[in-house]
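One structure below.
A short reminder: the numbers here are calculations on the coordinates, not readings from a lab. Here the structure is a predicted model, which means the values were calculated and not measured. Positions of Cβ are backbone-derived with ideal geometry, glycine not excepted, and every protein chain shown enters the neighbour counts.
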Amino acid sequence: MNKILEIKNLTKEFKGFTAVKNVSFNVDEGGFFSILGPSGCGKTTLLRMISGFIQESGGEIFIRGKLMRGIPPEKRPVNIVFQSLALFPMMNVRENVAFGLKRQKLKKSEIDDKVSDMLARVSLQGFEKKKVTELSGGQRQRVAIARSLVMKPSILLLDEPLGALDRKLREHMKIELKLLQKELGTTFIYITHDQSEALVMSDKVAVMNKGRFEQIDTPRNLYKNPATAFVAGFVGESNRLELKSKDGDFITTKDGWKLKRPGLDFTPEVLYIRPEAFILTPAKNLDNISRFEVKIKTILFDGSNTKVAAIESSSGAEVLISLPQNARFENLKEGDTVEVGINYENLKCY
Amino acid sequence: MENKKGFNITFYLLILPVLLWLIVLIVLPHLDLLISSFQGDSDAGGKVFTLEHYMAFFQSKIYWLTFINTAAYAIGITILAFIVTFPVAFYLTKVISKKYASFLALLLLIPLWVGELVTVYGWMIILGDHGVINEFLLSIGLIDKPIDMLYTNFSMTIGLLYISMLFMVVPIMSTLESLDDSLIEAASDLGASKWTIFTKIIIPYSMPGITSGGIIVFMLVIGDYVAPDILGGKSSLWFTEQIYNEFLSTFNWGEGAAFGFLLLMISSSIIWLALKLTGQKLERVGS
């Protein structure tokens with residue numbers, strides 16, 4: 001696939017502090033690329049460098065093979081959907097969407113056609129004359145997206161645009177954004193600290209921490225095979241256990257929990273286990289798993305996402321275990337002792 | 001909240017001074033003036049209803065010419081105040097850091113602390129024949145005799161601008177403060193030039209502040225007496241001086257009162273017209 005955006009060794013230094021350190025990555029044309037990281041990791045700085053609002057301290061940005069250095073934001077083939085949406089409050093929906101087209105000095109009829117076409121795409125027909133202050137959160141969202149998309153940018157940059165919405169609407173907009181992106185084929189670069197947004201929508205996700213990229217991968221790989229301890233802890237839920245020692249095929253946690261984990265060629269410091277990696281009462285003939293006993297402490301009922309907090313019998317280490325989606329363990333209660341197993345490969349050591 | 005109608009005694013005690021102030025010092029004198037503006041002396045020496053005081057304004061050219069001159073200057077000074085203060089307000093709210101902004105905004109208030117009269121005398125020292133500017137220009141040899149600046153429409157304009165400017169800065173600053181920087185960035189991202197951002201985003205956004213600042217400055221200037229009287233000298237025609245003369249020189253209280261109400265009504269009409277022409281609504285002003 002064509003690389004629409006190439007970033008090479010991009011660095012941004014502010015006074016006495018490096019916000020983005022030597023970041024390199026490519027984005028394929030038509031892709032949905034997310035940059036996921038905790039607040040303050042430098043993701044917004046990165047986005048603002050791509051859009052041209054701040055100047056990089058080092059490195060290069062190429063859009064469609066063209067070096068962007070020194071090109072001001074208004075001349076770059078990218079548009080941003082701002083975190084605050086930044087809709088112009090003194091204009092109605094139509095005027096907001098037409099703002100960029102008017103700057104291109106297009107004919108009025110052409111502007112009108114493009115605006116109504118765009119509004120139809122985001123299902124906002126009939127809202128042309130409405131003030132943006134009269135719209136609901138989701139509608140404002142779509143106006144902001146329409147305003148940027150009508151410019152036919154090579155890349156649409158989205159800076160946590162769902163942050164201000166309530167949970168229900170956010171879930172809904174996630175799907176809508178993904179469908180819209182598929183339909184239009186525009187390349188999206190999406191910035192978020194919400195791992196579920198990144199995983200659900202993206203073709204590729206870059207996990208960012210302290211100005212660096214920890215891993216760039218498909219959402220599935222990111223979840224299944226986190227490359228670093230940070231990714232394992234940040235993406236999805238995990239039990240984090242600090243390790244004390246390694247002895248042949250066995251590792252021991254600080255609590256003194258000894259697990260079999262063959263195939264490690266280094267001495268790990270920390271162990272991550274996903275709640276769903278635990279197999280309750282594994283079959284006797286199952287191979288390649290570490291087996292141990294846990295005592296149920298509490299049951300945290302949450303519909304399909306029900307978990308139990310349990311204590312490993314030999315060491316007292318506390319772990320969260322997902323309950324499988326069947327009735328088999330419905331009778332589980334506090335104080336029960338259960339045998340549990342984990343596949344070796346699901347014991348992620350770093 | 002349930003005691004909505006039954007306001008208690010404390011409420012009435014708290015509102016009493018304000019009500020007294022309003023009624024005794026504002027409403028009653030105005031009513032008295034309104035009555036005397038319609039009162040004339042009959043042949044028998046009694047009081048009769050008359051419109052002659054109001055008619056005098058329209059019949060005598062000097063009166064309404066003075067008014068037109070005053071209103072034109074007030075409009076001009078309002079526009080000048082906007083031109084001078086908008087960059088200041090923008091700089092204080094959007095360009096420099098908050099820390100310095102509040103200090104500089106405080107500096108802006110200083111002329112207000114010393115009072116109008118002192119400020120005006122200050123300008124006399126600066127603009128006079130032997131004032132700071134003339135002495136400086138003479139000493140460097142740029143001019144060989146002092147330029148007449150004091151007691152002209154120029155010095156009056158400077159003085160009025162100076163005392164009213166602050167009332168333009170503050171409302172504009174408060175609207176600009178609520179302007180989200182990302183609006184400016186979004187406009188720039190959509191291809192707008194600096195000029196377009198200024199005319200299509202920043203000015204329309206700060207319009208409520210500009211309007212309320214404009215109303216205050218216009219009213220303040222059109223009703224000012226000190227600056228035109230001291231800085232404008234005898235050559236300047238200012239309507240408030242006309243009113244002053246009616247009351248204190250010719251002792252024609254009826255005409256003075258009538259002129260006072262004419263000033264109030266005509267200047268209010270000018271504001272109303274300006275609001276209509278720019279499509280502003282009074283309710284939105286200052287919000």
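Some notes on this structure:
- If R0 is 35 Å, the Cβ-Cβ spacing of B:L16 and B:L107 corresponds to a FRET efficiency of close to 0.35.
- Over chain A: helical MRE at 222 nm, DSSP H runs n ≥ 4 each giving -39500 (n - 2.57), nearest 500: -7000 deg cm²/dmol
- Mean residue ellipticity (222 nm) of chain B, computed from DSSP H runs ≥ 4 via -39,500 (n - 2.57), nearest 500: -21500 deg cm²/dmol
- Peptide-level mean, for A:221-229, of C-beta atoms on other protein chains within 10 Å: 0
- Most mobile listed residue (B:V18, B:V221, B:V169) in chain B, GNM with C-alpha springs under 10 Å: B:V18
- Taking every Cα-Cα distance in the protein assembly as shown and sorting them into 10 Å bins from zero, the calculated P(r) comes out as 3, 11, 15, 15, 14, 13, 11, 7, 5, 3, 1, 0, 0 percent.
- Taking the centroid of alpha carbons for each part, the stretch A:90-140 and the stretch B:32-88 are 49 Å apart.
- Database remark: amide H of A:I54 closer than 5 angstrom to the amide H of A:M49 (H placed geometrically; neighbours at sequence offset of 5 or more, or on other chains; Pro and chain starts carry no H).
- The stretch A:1-43 - convex hull of alpha carbons, volume per residue in Å³: 68 Å³
- Those trypsin sites (Lys or Arg not before Pro) in the stretch A:1-107 that DSSP places in a loop and that have at most 14 other beta carbons within 10 Å: A:K15, A:R64, A:R69, A:K105, A:K107
- With Cα atoms defining each centre, the stretch A:263-310 and the stretch A:173-243 are spaced 24 Å apart in the structure.
- Cut-off 15 Å between beta-carbons: net charge of the residues surrounding A:I279, Lys and Arg +1, Asp and Glu -1: 0
- In this calculation the C-beta distance from A:N225 to A:S136 is compared with R0 = 60 Å, giving a FRET efficiency of 0.90.
- Other residues whose C-beta falls under 15 angstrom from the C-beta of A:F301 contribute a net charge of 0, scoring Lys and Arg +1 and Asp and Glu -1.
- Beta bridges from DSSP with both residues in chain A: antiparallel share about 75 percent, rounded to the nearest 5.
- Looking at the stretch B:174-233, the chymotrypsin sites (Phe, Trp or Tyr not before Pro) that sit in a DSSP loop and have at most 16 other Cβ atoms within 10 Å of their own Cβ are B:Y225.
- Of interest is the spacing of the C-alpha centroids, which for the stretch B:177-215 and the stretch B:234-261 amounts to 43 Å.
- Cβ-based charge dipole, chain B, positive-most Cα from B:S97, B:F11, B:V226: B:S97
- In the stretch A:261-334, the GluC sites (Glu not before Pro) that fall in loop regions by DSSP, at most 15 other Cβ within 10 Å: A:E269, A:E330, A:E334
- Using every pair of distinct Cα positions in the stretch A:238-349, the Kirkwood expression returns a hydrodynamic radius of 14.4 angstrom.
- Highest GNM mean-square fluctuation among B:L231, B:L190, B:L31, for chain B modelled with Cα contacts below 10 Å: B:L190.
- Average Cα contact separation per residue, the stretch B:96-209, under 8 Å, 6 or more apart, as relative contact order %: 19 percent
- Descending principal axes extents, chain A, alpha-carbon based, whole Å: 76, 46, 37
- For the stretch B:61-284, the C-alpha radius of gyration sits at 1.18 times the compact-globule guess of 2.2 N^0.38 Å, with N the residue count.
- In chain B, excluding the sites themselves, the longest stretch lacking any of the trypsin sites (Lys or Arg not before Pro) that are in a DSSP loop with at most 16 other Cβ atoms within 10 Å is B:6-233.
- Seen against the Cα atoms of chain A and their longest principal axis, helix A:93-103 is set at about 70 degrees.
- Environment charge at B:W253 (Cβ cut-off 14 Å; Lys +1, Arg +1, Asp -1, Glu -1): -4
- Bridges between two residues of the protein assembly as shown, per DSSP, are antiparallel at a rate of about 75%.
- Options B:I83, A:I342, B:L138, ranked by Cα towards positive dipole end of the protein assembly as shown, top entry (Cβ charges): A:I342
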